[in-house]
Amino acid sequence: MRKVSMLALGLVLMFGVATTTQAAGSQEDDDVITIATTVYTTQHEFYADIIAGMEEAVERHGARLVVTDANGSASVQNDTIEDFIVQSVDAIVVFGVDPVAIVPAVNDAAAAGIPVITGDMRLESDQVVTFIGSDNYELGMRAGEHAAAHIRDNLADGARIGVVSWLASVAQQERLKGFEDQVKGISGVEFVALQDADGRDAAMSAAENILQANPNLDMFFGTNEGTTIGILAAAESSGRLGDLTVVGIDTSQDIFRALEEGDLLATVAQQPRLLGEMAVDAAMDAIAGRSVDSEIVVPVETVTSENVDQFK
């Protein structure tokens, strides 16, 4: 098997945070399969859960995991993947920063005979073994279904809806489209504002701007955890918490708390820990030459105050 040298690992550290998970009872030698992964960031709960799932899976397989943080930079991720090629790792799992910009390095890895698994974000490359992730349109559609039911049952005059989304993300765009397709045909529904924001603080500021311009707003939609929490913070600071209907996507302890307290109507949960496990399983199959489906879907679930305990 291929071996990760300390010199090569040092090169990775030049570009992003790297950690190594070693299988219990195994040694740093050529007999241990090494799976390397580059994630968008290690500073978000979603990716932390993915890594936790991967760590569980490599321990189960008796393999080794090298984790690197791209810090949201496509150039860093490209360089890291090229370093993985030099290190001759056994497989690479990519949680991409950009669907196009990192394709050259991914294709180089495939050309070097290293199987590449992609997760969460599809890449515009036909050289990957498989894509593993949730259907982002379905995530938005599920959120939209719940919002539509609430509007029909509780808002006889329709709803004025504001949206905060990270528009640079293709995944966020797909989620927004799924949501819109479920609610835009309802009589009286109007999308009055859409603002771009990445992260909780920026989302809070964006949501506050929307509320100031639209004091009669009925509903907010956040396309990920950060935007959802930012919206809730803006609602609280504006004295609208509990008055506004908020629907989001993704989970965290703060999201669970908002559901329990009735501040959040619903969210649609991905299963990042399962995603991480499935990515490692697919990588092990590819390394062994076993057949791997070209797409592996991770199921999503709608979470409300009624079933939140199952997800906590």
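The values are calculated or read from the model by the stated rules, or taken from the named source; none is laboratory data. Because the structure is predicted, anything quoted here is derived from the model rather than measured. Backbone-built Cβ (ideal geometry, glycine too); neighbour counts: all protein chains shown. Just the protein is used for accessible areas: all its heavy atoms, side chains included, with ligands, DNA and RNA removed. Shrake-Rupley method; radii C 1.70, N 1.55, O 1.52, S 1.80 Å.
Looking across segment 283-312, the residues that are within 30 Å of T245 (Cα to Cα), open to solvent by less than 80 Å² (accessible area, probe 1.4 Å) and assigned to a helix (DSSP H, G or I) come down to V308, F311. Does F84 satisfy the condition of being under 21 Å from the mean Cα position of the chain (by Cα) and in contact (Cβ under 8 Å) with a residue 40 or more places away in the chain? No, not satisfied. Here D98 clears all of (1) of a type outside the set (S, T, Y); (2) part of a loop (DSSP other than H, G, I, E, B); (3) under 26 Å from D250 (Cβ atoms); (4) touching a Ser or Thr at 6+ places or on another chain (Cβ under 7 Å) except the condition numbered (4). Scanning segment 225-251 for residues that are in contact with a Gly (Cβ under 9 Å, 6 or more places away or on another chain) and in contact (Cβ under 8 Å) with a residue 60 or more places away in the chain gives E225, G226, T227, G230, I231, V247, G248, I249, D250.
The lone criterion from (1) modelled with pLDDT under 95; (2) open to solvent by 60 Å² or more (accessible area, probe 1.4 Å) left unmet by R160 is number (1). Of the residues making up segment 249-261, those that are open to solvent by 20 Å² or more (accessible area, probe 1.4 Å) and of a type in the set (S, T, N, Q) are T251, Q253. Scanning segment 201-244 for residues that are part of a helix (DSSP H, G or I), farther than 18 Å from V303 by Cα, open to solvent by 10 Å² or more (accessible area, probe 1.4 Å) and of a type outside the set (G, A, S) yields D201, M204, E208, N209, L211, Q212, E236. For segment 49-89, the candidate set comprises residues that are in a helix (DSSP H, G or I), of a type in the set (D, E, K, R) and farther than 21 Å from A111 by Cβ; within that set, the residue that is most open to solvent (accessible area, probe 1.4 Å) is R60. Checked against the criteria, T34 does not count as buried (at least 21 other Cβ atoms within 10 Å of the Cβ), modelled with pLDDT of 95 or more and within 19 Å of the chain's Cα centre (by Cα).
Is it the case that L274 is part of a helix (DSSP H, G or I), among the aliphatic types (A, V, I, L, M) and open to solvent by 40 Å² or more (accessible area, probe 1.4 Å)? It is true that L274 is part of a helix (DSSP H, G or I), among the aliphatic types (A, V, I, L, M) and open to solvent by 40 Å² or more (accessible area, probe 1.4 Å).
Within segment 259-282, the set of residues being touching a residue at least 12 places away in the same chain (Cβ under 8 Å), over 18 Å from D49 (Cβ atoms) and more than 19 Å from the chain's Cα centre (by Cα) comprises E260, G262, D263, L264, L265. Across segment 182-197, which residue is modelled with the lowest pLDDT among those that are surrounded by fewer than 19 Cβ atoms within 10 Å (Cβ to Cβ) and in a loop (DSSP other than H, G, I, E, B)? Filtering first and then ranking leaves G185.
For L264, the requirement of being out of contact with any Ser or Thr (no Cβ under 6 Å at 6 or more places or on another chain), closer than 22 Å to Y137 by Cα, crowded, with 19+ Cβ neighbours inside 10 Å and modelled with pLDDT of 95 or more is met. Counting just the residues of segment 87-109 that are small (G, A, S) and over 22 Å from the mean Cα position of the chain (by Cα), which one comes out nearest to I132 (Cα to Cα)? If we take residues in segment 87-109 being small (G, A, S) and over 22 Å from the mean Cα position of the chain (by Cα), then A109 is nearest to I132 (Cα to Cα).
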